[in-house]
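Below is one structure, written out as C-alpha cells; the observations come after it.
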Amino acid sequence: MRRSLVFGLRARGVDVLTAAEAGMINREDEEHLRAAAASGRAVFTFNTGDYCALHQLWASEGRTHAGIVVSLFKPDAFANFTDARSGKPGFRLIKSTAAVRQCAKG
C-alpha cells in the first residue's frame, strides 16, 4: 500500500495496519482475511476478483468478516489522496452477497 495513502488515512483518524506492519507480506489472501476478521478490521485490496470469490466462499460457509474494501483504481491513482475523498467512484465495501454480485459485474 502506498505510504501516501496510509499517511492520508491516518491523518484523517483512520486506524490503518498495513500487511507489512502485520507481518503478512507474501501470505495467502485467506490468511489476510482471517487475520483481519479476528481483529475486527476490514481488508483494503486492489485484488477484486480473488476477494470477491473469497467473500462468496465465506458467506456460503456462514463465516463473517468486518468487510472488504475493493479499489477499482490502480495503486498509482492514489498519488493524490484527495481524489479518493472527492466522492468519485473507486471504493466498494463488500459486506453482502448482493454487493459481491455487483462487484463481480465490474
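Bear in mind these aren't lab numbers, they're just calculated from the coordinates by the rules spelled out. From a predicted model like this one, the values you see are computed outputs, not experimental measurements. Quick reminder, even Gly has a Cβ in these numbers, built from the backbone with ideal geometry, and neighbours come from all protein chains shown.
For each of 14, 70, 6, count neighbouring Cβ atoms within 10 Å of the residue's Cβ, then give the residues from fewest to most.
Least to most surrounded, the residues fall as 14, 6, 70.
From the P(r) of the stretch 1-74, could you give the percentage of C-alpha pairs in the tail past 18 Å?
Here the tail beyond 18 Å accounts for 40 percent of pairs.
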